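The values are calculated or read from the model by the stated rules, or taken from the named source; none is laboratory data. What you see is a predicted model; the values in this text were computed from it and never measured. Positions of Cβ are backbone-derived with ideal geometry, glycine not excepted, and every protein chain shown enters the neighbour counts. Only protein heavy atoms, including side chains, enter the accessible area calculation; ligands, DNA and RNA are left aside. Shrake-Rupley method; radii C 1.70, N 1.55, O 1.52, S 1.80 Å.
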Amino acid sequence: MSVIDEYLADFSGEHRKLMDEIRALIVAAAPEATEALSWAMPTYKLNGNLVHFAAGKHHVGLYPGADGVSNFVPELDALGLKHSKGAIQFPLEKPLPRDLITRIVEFRVEQQKAKKK
């Protein structure tokens, strides 16, 4: 059992459903990333931190870093999603914007791969 499996085992219902979906999207978009737990959050690493996700009270958060948010602000705003410098909140009662999450992770993969060069 991975550290992310252990984290997810504490959740059920919509929190678990959304986090399972986010995890699957991250793995599909960044298959070379490794799993870890950082700042008590499920984390994917690729030449450093790639993205984190975690359960909030009424949402699931994705933490792609400042660039991972700022490059997608118009789309986040159009979807009415709360966001801050490095975090995006996905409300439990709404379906995930799967394509957007995939593109954010792919953007971060390119950033992290460029770091290695």
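Can you pull out every residue in region 52-89 that is open to solvent by 60 Å² or more (accessible area, probe 1.4 Å) and among the aliphatic types (A, V, I, L, M)? It would help to see each step written out before you state the result.
Here is the first cut: in region 52-89, the residues open to solvent by 60 Å² or more (accessible area, probe 1.4 Å) are 57-58, 63, 67, 70-71, 74-75, 77-79, 82-85, 89.
Hits for region 52-89 are Ala78, Leu79.
For region 1-51, enumerate the residues that are small (Gly, Ala, Ser) and surrounded by 19 or more Cβ atoms within 10 Å (Cβ to Cβ).
Looking only at region 1-51, we keep the residues that are small (Gly, Ala, Ser), and these are 2, 9, 12-13, 24, 28-30, 33, 36, 38, 40, 48.
Within region 1-51, Ala29, Ala30, Ala33 meet the criteria.
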